[in-house]
Structure formats: structure tokens, C-alpha cells
1. Report, in degrees rounded to the nearest 10, the 0 to 90 angle that the Cα long axis of helix 487-496 makes with the longest principal axis of the chain.
2. Using alpha-carbon positions, what is the distance between the centroids of region 469-544 and region 321-335, in Å?
3. At 1.4 Å probe size, with the rest of the protein present, what percent of the exposed accessible area of region 540-579 is carbon and sulfur atoms?
4. Compute the acute angle (0 to 90°) between the alpha-carbon long axis of helix 504-520 and the principal axis of greatest extent of the alpha-carbon atoms of the chain; round to the nearest 10°.
5. Compare Arg396, Arg373, Arg487 by solvent-accessible area with a 1.4 Å probe and give them largest first, with all protein chains kept in place.
6. What are the residues whose amide H is under 5 Å from the amide H of Ser675, where those residues sit 5 or more places off or on another chain and H is modelled from the backbone?
7. Report the extension gain between Asp662 and Leu573 in nm, rounded to one decimal, defined as 0.36 nm multiplied by the number of residues separating them, less their alpha carbon distance.
8. Using every alpha carbon pair in region 565-681, what percent of pairs falls into each 10 Å bin from 0 up to the bin containing the largest distance?
Amino acid sequence: MKGQTSKHLLLMLLIAVFITQLSAQVKISTPRIEIIPQPTKVVEHTGVFMLVPTTRIQCDPSFSGVASLLSKGASIRQFSVLEKVNGPKIKLVKVGRETVSDSMGYRLVITPEEITLSAATNAGALNGMHSLMQLILLQPNQGEIPCAEIDDHPRFGYRGVMLDVSRHFFPADYIKRYLDLMALYKMNVFHWHLTDGPGWRLEIKKYPELTAKTAYRTHKIWKDWWGTPRHYSDEGSPNGYGGYYTQKQAREIVAYAKQLGITVIPEIEMPGHSDEVLAVYPNLACSGKPFTNGELCLGNDSTFVFLKNVLTEVMAIFPSQYIHVGGDEADQAAWKKCPKCQKRIKDEKLNNESELQSYGVRRIEQFLASKGRKLLGWDEILEGGLAPAATVMSWRGEEGGITAAKMGHNVIMTPGNTCYFDHYQADPLTQPLAIGGYLTLENVYQYEPIPAELDSDKAKYVLGAQANIWTEYISSIEHLEYMTYPRLLAMAEVTWSEKGKRDFTNFKSRLQAHYRLLQRLDVNYCRPSYGLEIESKINTEAKKALISFKSELLNPSIYYTLDGTEPTKTSNLYQGSLELSGSSKICAAIIEDGELKEKSAKLTVDFHKAIGKKVTYNLPYSKGYSAHKEASLVNGYRGGGLTYGDGEWQGFDTNDMDVTIDLEKSDALKSITISFMQQTGPGVYMPDFVDISVSDNGKDFRKVKTITNDIPLTQSKLTLKNFEADLTGEKARYVRVFGKNGQHGFLFTDEVIIY
Ligand code: ACM
């Protein structure tokens, strides 16, 4: 094959390229290599290659598709096949595997005379072409491509984006634009969440009722629909809201994605999240009735007949190796009461309903395997036993992924707190309504898909990571782009670039040019926030705090005060380091052109008596929100005002908060303050009351104060409250804090401040 390839090299196609709109304009900056994701190796040289109207592409025949994308994407008016190229050219050269570092890799050499892109495969050539395309698009007015040598290959083979088109439908033409943008940043898997309770979105010829009856619903706004009996509208009804993809459209999208180097993985949800199927085929529900629950009956063989028929059509449209079968969040209540499901459990000698779900997944896996396909599912497919060759998509944290990798199964990481792009990306008070959570650009950027628990022989099972975009609150293209960008650029770097090469400050610096590019491409990206986060490192011995500020802006002007008052342009200007002695109330903000750009950030540093002291948990804290574990409540600083997920707030999940702090010696007390948070959407409530007790022997406690809550349960927005008590006159070694979790939801607390 290699010999034939080099013969083909002699027969190179010559494609002429006419560049338009290259009029000389004022230089914005010296061009630099600002590719995202960061390539493996870049050596910059002086000089530039000038794109001029006579620049032509000369390509290996097998890369003619890549050449055509380059000519289109770089706004080239026309191109033609020539036999011989004289003058400035871009060469796309096919080389042997030994010449590039990886089959998906490429080498790009830019000199003043020519640009040479070498790759061993079409995928490698596409990756290199997208780097080159960025370099061209980033310099739209100059046509100057900086001279450099770039050797590059991906860290992970799976770099995914999941789009939920069930909760809101996005038209086929827009999906193509979405793919174009993904490809520009080298994301190579589009996981298409096509079916779910809110609507079935893919034409199935054998079951036309699926789309005719459930691709449209009665209400557009999620909360309105969710609050109703959640009914559907027939296709064509005047008030119906939704849509679906015909098989022809889906095939076109698959083909379109393929030429961009993107694999489309369809997801057909089962056995849960199937309310829409049961609305049309109530015989597949345990109750035999629609609108009772969202789970398919697994005791009923008709369910498997239906699923196999659907999957047969799905496989004919989507050639992907993987077929995603959902598997998440299936409620087992209906199966527990269903005679058919219970008979299945008995006949198959299953132990419980989790094993019943696993039985269903295995049956589907066998079917997919018989057609040469592989099963992919959300991490619930681990429960009740993982199907033999299944790949697990870990979303409820990383635990499912770790377990599956340890079992030798392939894994895709997409944990909620770092990969869910439906979460807020800045202060929720400044943002369009989202489902909750808090996932900043930097949080995405800092995500590491290989968990520390996996050593190298297990880490290899982590195929990559994925951004998930659930669309309950995302009903428009503008909003979808807003939630996707720029966070997808961070995810691109997480999944493509070497771990050791990732540096957020450097990323932010490259990002500035990409913000301008996204503007030119008319992408409605989320503008970088003027918000600040304050971080402090406490040295308890020396009673010093090292303060730093986190911002999405590059080199912002940060002004601060230390007495809690709002900063102005005459306040202290942060010069890159700040060390404080003693307690202080820091208040900081970005001020530009004399204007305070967004509300200030506050952090109180308290050098109080309890800092660094031993905390005994009489009741456990939440595993998922452990913050700094035993050190959380006495580390000298308080959780921030944006989210319980900032790593400072400690959660108590359904149980009360009950901790004892040992001050090491009996001491006169002055006061106690404990902060709590309320945000009712995710089930976070204030305690009903907080009891403070003291003791000198750590056994016999005396209650000295009860602090009651005055924040109503109906106050849904994020609210902080200090529960404070005067302790003057008390002397004790042990202080016990008991917070009543009356709602049995989450208590979130930080810092027990004792003076
Ligand atoms: C999921 O977020 N339910 C996979």
C-alpha cells in the first residue's frame, strides 16, 4: 500500500486557489501561532507566508476532500485542478506512518515560499488542515501566516460533544454548522441524543407514529411543559412545538460529519426516559397505559422486538462503531409491581430490578454485536452487572468510569461537575436561566480525564472525554452557542493537548484571537466575565494569607480594599501578589475606564480560634461535597457566594450537621459564626436551627445558644446567611455545632468561626 501511495504522490492533483478579500489593512498584531487546542510541538520562525490571490493548493489525490474543505473554509472563491503549480502554494502530502508521530497526527511546515501539510491518513490531514484553517482565519485582513514547524497529534481518540435535541429541537441545517465549528477545534465525535421523554426526533419507517405523534409537544417553554401532564401534539397541529429529522436528513448529517472527520453516535434511550414511546405504544409500558411512567417493560418481549426494529433502522443510517443506548435514571418502581417483569426476574434467575435492567442491556448488546456494533451507555449500565463488551460513559462523577476501567472496559469521561455545559458559566444572577450548577471556562480547562486512581495499565481504557449539552433551558441556536462557546475550546484542549502542555494563562492568551474569530464567524459565544474569584492560602502559624485573584480576562486591572468597602479606581491596585497579616475583609473588582465592570467579590479571612483545630464529625459530611474534608470548616476562609460547588462549601446530604471542634485548651469565648447557603432548585436549604453546645471534657455538653433560621423555604435564589451567637462569658475547650436538616435535602456550610 505504501508503494502505491508514493506512486500516487507523483500524480498529485493541483488545485488552484484564488483567495479573495485579502486587501492590506492595518495590522492588529504580529501574527503568532495561536492554535486551539495547543499543538504537541510548535517551533516559530521569523517571517510569514503571504496568502495571495494566486496561492494554490497542490494535494495528494486522497486528500482532495481535505483540500476542498480548506478552500471553502478559508473563503476561497473558486479552485480548479491544475497539473503544475508555480508560485505560492499549500501542499497536502501523504506520507508514511513513520513520518508523523501518530496516525491521527500531522506535520505543518510554513515557510515564506510554501506551506506543507504532511499526514499519513485522511484524519491526520483533516486535523492539520483545521490547524491551518485557524491560522488563516485568525489573520483575516493580512493573509499573513506566521512561519513555523508544527508537529501535532491528539492525546485522546474520543473528543466528544453530546447535544440533546429531544428537550429542544435544532434543525438539520444548523446541526451542520454546529459540526463545522466542532471540527475547527478538532472535536471528533458528535453524540446525538435523539430520543427522550420530551420528544422522539428520528424518523423510523416501521414506526411512523413515533414522530407523527411525539416529535411535537404542547408547550415550548420547558417549565410550562414539565408542569403540565406532559402531552404531545400530532405532527401538523397548529400549536405543536418541536420537529424531527428524516432519515434522509440524518444520513446527510452523517456524511457531512464524516468529511469533517466527525463520527456521529446516535443515542436511542432505553429503558428509562422513554415516556414518548409509551405514549404511542402503551402496550410497552408495565401498566399498559400511557403517561404513567417512562420505563419500558422489560418483562415484555414486544419491547425487545420494538427496540431491535428501531435499532436496525438506526444502524442503517449511522455507520458508527458505537450505538448509545442511554440506560440512565430508569426508575424501577413500575418493574417492581409488574407481573411480567417479576416473572422475567424469576425465569432468568435475576436477583433484583437492577439485574433486570442489566439483562435488558445485555440482550441489546448481543443484538448490536451480531451486527458488528458496540454498545455505549451511561454509567447506570454498571448496576446489576455490566454487559461483557460495553463502554461506559461516566456522568455521575468519575466513579463509574473508574470502576469500569478497572474491569477492563472502555470509558468516556463526562462527569457532571466538569463536563455539563448546561450549567451556569458565570454568576447565575448575570446569566440566562440554566438548570443549575456552576462550570466556568477555567473549571472545564482544569479537567483531567484520567483520574489519579487509575494507573497506566488501566488509564488506557479512558478513550477521552465529552461535553454534554442538555437543553431543558436552551431553546434557541443563539443560546446553544452561548452555552457551548468558549467552553468547548477548553474541552478541545483537555481532550487533545498533552496534560503537561496545558496552561490556563497561556490558553487565555491564545483565546483572545479566537474570541475575535468567533465574532467574525457570528458565533454567539459567552463573553469573558468581569467577575472575580478570590483565593487565599492561609499560613495558620504565621497568621498570614496569600491572596490571589481568578479572572477570565487577560491581565485585568483589579482594585481592592481590605475593610469590606467597595473598591474604586483610587483603591489599591493589585500588582501580582498580595500577602495579608491578620483578619481582613477583602473586597475586589475589575475597574476599566474608571468603571466598576461587575459586582465586587468578597472574601473574609479570619484568623480565629478554631483554625487548624481537630473537627470530629458526629454525623458524616457528603462524599460528593466533602470540600477539604476534616479541614473544611476550620481552614480560615469561607466558601464564595456563587455556588456550593466551589470546593469550600461542605455538604450534609439528608442528615443533620453535627460537628465538635476541639480548641485544645479551655478558653474564654466571645462569639461564633457559621455560614449556610440556600438554593432550593437543587435542594439546598438553610438549617431549621443551629444549636451551640460547649464542654470541657468532650462528653458532657451544655447547650448555650439556639440560633433560629429566618430565611423562608420559598426563597429559591441563592442566599447566604451567617448564623451568629454571642458567647461572651462562656469558657470551654470543646464547641459542638448542630444544624437541623429539616428538609432532608442538602445543608451546605462553611467555616465555623470562633473568637
Ligand atoms: C444524564 O445526565 N442523565 C446522563
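The values are calculated or read from the model by the stated rules, or taken from the named source; none is laboratory data. Only a predicted model underlies this, so the values are computations on that prediction, with no experimental measurement involved. Quick reminder, even Gly has a Cβ in these numbers, built from the backbone with ideal geometry, and neighbours come from all protein chains shown. Heads up: the accessible areas ignore ligands, DNA and RNA and are worked out on the full protein's heavy atoms, side chains in. Shrake-Rupley method; radii C 1.70, N 1.55, O 1.52, S 1.80 Å.
1. 70
2. When both Cα centres are located, 32 Å separates them.
3. Carbon plus sulfur share of accessible area: 45 percent.
4. 60
5. Largest accessible area first, the list is Arg396, Arg373, Arg487.
6. Amide H to amide H, under 5 Å and 5 or more residues apart or across chains, Ser675 pairs with Phe723, Asp750.
7. 28.1 nm
8. Binned Cα distances yield the sequence 11, 35, 30, 18, 5, 0.
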